[in-house]
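First, the structure itself, so that you have it in front of you.
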Amino acid sequence: MMGAQAAEKSVEVSSARLSVSKAKTDVLGRHNPKVRNTPQAYVKDMKPVPLARAADYPSEVPIRKTVGEFRYKAFKGSKKYILDGDTISESTYTSRINNIEQNDDPRFNFVYSYGVSYPHASNYNFATQGATNPCANQTTCEADILTHRYGQSEHITFMTVPYVAQNISKLGPLYNKGAQGNNIGIHFLDVGVPSSGFVPSNKFYVEADCAPSSHVNNKIAWATKVARTMNAVAPGASIHAYSTNCSDYSRYGDLVVPLDAFYNTPQIHIGSLTPSGQSGNTVYGDKSSAIDEIIYQTRIIEFAGAGDEGLFPANYNQLSELAMGVNVITVGAVHNNGLTYHQTSSWKNAAYPLKADDSQSGASYVKPEIANFSDFFFPDARKYNIRGTGTSSSFEMNPYYLQTSAASAYTAASVALLLEKYPFYRWHPEVVKALLLTSSSKPISQASQHDSDNDNLYAMNFLNDSLLIGKNRSRFWNGNNEDFFENGRITFNEKDIKANKKYRVAIAWLSSGVYIKNSGVLPQDIDISVWQNGTQLGASRSYDNAYELVEFTTTNTSDIEIVISRHRNRGGRVLLGYNFAEI
């Protein structure tokens, strides 16, 4: 019987392989970029053997070779940590990995090469009580809300953040374990600096001192809702506010984000980026490159709202430039009631820059990776009037918070709960993305109608938070370009498999934003296939996505062989994450 590796090396065009390679959607039901304008007989396996590192790939600071593994509930409900081959306790793992992170040369050199840090600042914005809140003291509240700049409205059933967390997205098991986000930092980048008084002062930091003219009342109100949502989900986490309107301090790539997140006191592990800067251009740009480079070098976990400029069914959103980052986890917005997309959640695929001297450049890739809940309200007795420094007038802040900004903030805070309880996922955005992909298992009603690029083929699922702490087996490989792939492959077995059981497996990896911007190509193309007794149960082989996802059903209790193959290798570190989940 042909083994998995031997079958992977074969270039025979079997009908089974054609069905995999010609499929127009991935396991999410979304556009498969590799099939665009391809001949009927084309299969991805018929290409050159894995390439050596490209001669023109820039030199990089070496990184320590490290391999980690974490299993939770996969084996008799226990937690198991493995670091560089040693099975160790959680406390020993935390101690060892913290030492590795403290001595991470790429992060240190990147941060101190730019010297960008922001002092904690005072908050100059004020809030006073105003008119009666129509949703006071309720858990759900219905309202007609203008959701688009052209004046279209949508009838929405809003829910309080705690109600959604406990009853809709099922974060209860994490709360029951005592998770509050303690010792986890979350930053957000928004159009304004939030008002103080809504988050306890010992958990709230304004990280940049803006000029008074930057404090615009309606933008203050929006940023305040971001901070309140994060605090409601993860009350123990520290919240760090950054504003796109602050221009009186240095930046990296015109971004106001914490380059010094690891060295900050308290540390900042996670970020949420406002979906701003949308236009008719869906091409990976300067800000996409900058945020990707920051994640690649510092390994902070960054979420971004996909954007809210679309209007179903009239036109489609163009994605924000930050949301196009391949290292970013981009989030779509789903209604809590009915599990359908917002009418403004309609996307076009993003594309890498097109370069005249590279035929592989300019390809499209699929965003967003996940979707989450987004219709929140705050049940205060009265509304609040917001007034910024240096202004005499005030702005009435309504109690509602919605769309992809809300979905991103909510997801970031949910992951803070996860990071508190399971330190394995800290400083590993690639593993967190793989975990979230395998956890996105609930279908969104009529999702296929919200993707103009992919006709009726588009159908994404939304995040099932209960799977975040389900039966997961997570791994990471951190190292230099040639540290892990032997003959272009990483192979291993998953044991203790159940017969006739559905599983999901995903990989994700980080790439240099500078290289992508300059070359128009993802530097590494990595695929995954799943085998049992020599038979392929599933595979994901997109060319241009920075992740792969497979859903499959076992036929017996034999081990599952995982084959991770690298088909494009122009250079760069190996920062690869993996999650195997029982559904």
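What follows is calculated from the coordinates using simple rules that are stated; it is not laboratory data. Note that the coordinates shown come from a computational prediction; the quantities given were computed from them, not determined experimentally. Because the Cβ atoms are built from the backbone with ideal geometry, glycine has one as well, and the counts that use them run over all protein chains shown.
Cα gyration tensor of segment 287-389, axes a ≥ b ≥ c as square roots of the eigenvalues: rounded (a/c below 1.5), prolate (a/b > b/c) or oblate?
Prolate, since a/c reaches 1.5 and a/b exceeds b/c.
How far, in nm, would the chain grow between ASP56 and LEU354 when pulled straight, counting 0.36 nm per residue and subtracting the alpha carbon separation?
Answer, rounded to one decimal: 105.5 nm.
Along Cα→Cβ, 7 Å out, is where each label goes; now give me the distance between the ones at ILE583 and PHE492 in nm to one decimal.
So the label points at ILE583 and PHE492 sit 2.3 nm apart.
By how many nm would the segment from ALA499 to ASN556 lengthen if fully extended, with 0.36 nm per residue of separation less the alpha-carbon distance?
Stretched out fully, the ALA499 to ASN556 stretch lengthens by 20.1 nm.
Roughly what would the spin-label model give for GLN102 and GLU482, points 7 Å off Cα along C-beta, in nm?
It is 3.3 nm.
Another question, if that's okay. Quick check: the distance between the Cα centres of segment 457-530 and segment 363-401, to the nearest angstrom?
34
If you don't mind, another one. Taking a ≥ b ≥ c as the square roots of the Cα gyration tensor eigenvalues, with a/c under 1.5 meaning rounded and otherwise prolate when a/b beats b/c, else oblate, which class fits segment 472-540?
Because a/c hits 1.5 or more and a/b exceeds b/c, segment 472-540 counts as prolate.
In percent, how large is the relative contact order of segment 357-413, given Cα pairs closer than 8 Å and 6 or more residues apart?
Across segment 357-413, relative contact order equals 39 percent.
Mind giving me the nanometre distance, one decimal, between the label points for ASP286 and GLN129, set 7 Å out from Cα along Cα→Cβ?
4.7
By count of other Cβ within 10 Å, fewest leading, how are TRP222, TRP509 ordered?
Neighbour counts put them in this order, fewest first: TRP222, TRP509.
Here's something else I'd like to know. If N is the number of residues in segment 128-208, what value comes out of its Cα radius of gyration divided by 2.2 N^0.38 Å?
After normalising by residue count via 2.2 N^0.38 Å, the value is 1.42.
What ranking do HIS335, HIS155 get, fewest neighbouring Cβ atoms within 10 angstrom at the top?
Neighbour counts put them in this order, fewest first: HIS155, HIS335.
Which of the pairs LYS287/LYS355; LYS80/LYS433; LYS65/LYS287; LYS471/LYS498 have their Cα atoms more than 22 Å apart in this structure?
Cα-Cα > 22 Å for LYS65/LYS287; rest within.
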